[in-house]
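S.K.: Below is the structure I would like to discuss, written out as structure tokens.
The values are calculated or read from the model by the stated rules, or taken from the named source; none is laboratory data. For clarity, every value in this text was computed on a predicted model and none was experimentally measured. Ideal geometry is used to build each Cβ from the backbone, glycine not excepted, and the neighbour counts take in all protein chains shown.
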Amino acid sequence: MSEAIAAPTTNVPSALNRRDVTRDIFSASIGSVACCYTGQPFDTVKVRMQTNPTAFPSVMATTRSILANEGAASFWKGAVPTAMGMVLENAMAFGVNEALKRTFPDDAKEDPTQRPDLVKPFMMGAITGCCSATVLIPSEIVKAKTQVIVGDVAASSTDVYKKMIRQHGFRSLFVGFDAQIMRDAPFYGFFFGTYELNCYLFRTYVPSMPEELNYFLSGGFAGMLGWAAAMPFDVPKTNVQASWDSRVVGSYFPELLRIVKERGPLALYTGLGPTIARAFPANAALFLGVEMGKKFFDQFVWGA
């Protein structure tokens, strides 16, 4: 009788048990730092192109302008709040996604030769995106405002943050919340969905590939596909969050319509080049860091 009562108790908290949650956060933090410093230069170029396409019409022109006028260090403007935001974002993203996978397991995962569920990872990824947007948005706003400052290398992320609080209060940390949701839900749907699919395809058709290379390539391609899907939502989001006059909710769709009306639908893909170029190395580093972080955690931090 006591065994029958105790059995459900072990299964109920499995998605949120302390060891698994700690492992998720630890590995996501390792991957986040690797991702941030690998991809930040590409992101700075993208933001300049999205917010000021007249002054920065192409990737090469933007890169040359930044190097000539501001120096190489300017490519990492906003890196500190970005890294902090990425740790919070990915701790939430990977934590929620792993918890969802433990709650709604895929039976095919027990046998790596079976085809995994091709729908569930995309749906769980979209749910993950809505959750991660809530912790990512403050750092995204500070980063966007910092990156569009031209020439003034003394204008740090801290200066931008203080100015935001001084002018608009703490509500300024959630400007463009609807824009963040619109960008992150499709991004994470494709991000986690295609990562699972890529890993399966590489294991099936390139069985001799080392697991580390599988993580690296699968993560890189997942990042590229995620950004390709989310890019039309990212351009108005960037403009809303880089502006000092945007609202918490309500500025996104007017900005989206303005961009399409003034510059045409293709303007929603402004910055796609540097974004895709950034997506592969940054997300390859992210997933490799996460997977290696899990192994390090299991071996040295908290034994299995």
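S.K.: Within the range 157-178, how many residues turn out to be of a type in the set (Phe, Trp, Tyr) and over 10 Å from Ile137 (Cα atoms)?
M.R.: Number of matching residues: 2.
S.K.: Go through the range 47-102 and report how many residues are more than 23 Å from Ser139 (Cα to Cα) and of a type in the set (Lys, Arg).
M.R.: 3
S.K.: Could you tell me whether the range 260-275 includes any residue that is surrounded by fewer than 24 Cβ atoms within 10 Å (Cβ to Cβ), of a type in the set (Lys, Arg) and under 25 Å from Gly31 (Cα atoms)?
M.R.: No.
S.K.: Shifting gears a bit: Whether any residue in the range 162-177 is crowded, with 24+ Cβ neighbours inside 10 Å and at pLDDT below 90 is what I want to check.
M.R.: There is no residue in the range 162-177 that is crowded, with 24+ Cβ neighbours inside 10 Å and at pLDDT below 90.
S.K.: Mind checking which residues of the range 42-65 are assigned to a helix (DSSP H, G or I) and surrounded by fewer than 21 Cβ atoms within 10 Å (Cβ to Cβ)?
M.R.: Val59, Met60, Ala61, Thr63, Arg64, Ser65
S.K.: Mind checking which residues of the range 201-248 are closer than 24 Å to Met182 by Cβ, without any contact (Cβ under 8 Å) to a residue 40 or more places away in the chain and assigned to a helix (DSSP H, G or I)?
M.R.: Leu225, Pro232
S.K.: Pairs, please: C-beta under 8 Å, at least 6 apart or cross-chain, first residue within 22 Å of Ala222 (Cβ to Cβ) and in the range 119-148, second in a helix (DSSP H, G or I) and among the basic types (Lys, Arg)?
M.R.: Short answer, once both residue conditions are applied: Met124/Lys101; Ala133/Arg183.
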